[in-house]
Amino acid sequence: MLPYSVIFSRIFVFFLVPMFISCTNDSTDLIFNTGEDGALDDKRLRFTKIAKADWRLAENQDRITPNVWLTRADEGLLFNAKIENKPDGSGPSGTKWFLGSLDDYTEEQLGALEFVSMKRAAGSKMRDVPGKSFIVHLVEDDAFIELTFLSWGNKSEGAGYSYLRTNLAE
């Protein structure tokens, strides 16, 4: 008869290890991501909040402008940590969203688009946003950025997420 420790370790490897593997996408481990965040070049920046990271810490907030600090708690939508402490479904506050790419519109055309909440722009299906690009209007700053989600973890995974976004024009 095998000792309990051997039996347990075999059960752990067989049943639990695949659960950790399933928490990844092709390039980002939503639980133990050690990827480099920050500027990729002079036009784009990568931001990641790993699963279960404390959203109140500055390193877990994408401080785009003095008015917009995007983050996410351990579940739910993004919110603006500068002025909110949880999402409300109509935000993030200070932002409006449109599914699309900045390359497809002139500045004049951007003004005519119908910007809505992040949830509405995503069709209320945040699990489907990886790979999709959004134009984000930073309302108080009257600026536009493009944000492309790389990952969106569910609450059972600790709600990690990552995206690429354009930098604000200087």
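The values are calculated or read from the model by the stated rules, or taken from the named source; none is laboratory data. Quick caveat: nothing in here was measured; it's all calculated off a predicted structure. Ideal geometry is used to build each Cβ from the backbone, glycine not excepted, and the neighbour counts take in all protein chains shown. Remember, those area values only see protein heavy atoms, side chains included, never the ligands or the DNA or RNA. Shrake-Rupley method; radii C 1.70, N 1.55, O 1.52, S 1.80 Å.
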Original post:
For the stretch 35-170, taking Cα atoms only, what is the radius of gyration to one decimal and the Dmax to the nearest whole Å?
Top reply: 13.8, 42
**OP:** Return P(r) of the stretch 66-113 (all Cα-Cα pairs; 5 Å bins starting at 0; whole %; ordered from short to long distances).
**Re:** 5, 21, 23, 15, 16, 15, 6, 1
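Treating only the Cβ of Lys, Arg, Asp and Glu as charged (+1, +1, -1, -1), what charge dipole size does the stretch 42-154 show about its Cα centre? Round to the nearest 20 debye.
Computed charge dipole of the stretch 42-154: roughly 580 debye.
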Original post:
How high is the relative contact order of the stretch 80-151, given as a whole-number percent (alpha carbon pairs under 8 Å, six or more residues apart)?
Top reply: 32 percent
**OP:** Go ahead and run the numbers for FRET between Thr106 and Glu140, Cβ-Cβ distance against an R0 of 22 Å, rounding to 0.05.
**Re:** 0.45
Original post:
Given a 1.4 Å probe and every protein chain left where it sits, what share in percent of the accessible area of the stretch 93-170 is carbon and sulfur?
Top reply: 45 percent
Subject >> Pairs beyond 19 Å (Cα-Cα), from Lys82/Lys132; Lys119/Lys155; Lys96/Lys119 >> reply: Lys82/Lys132
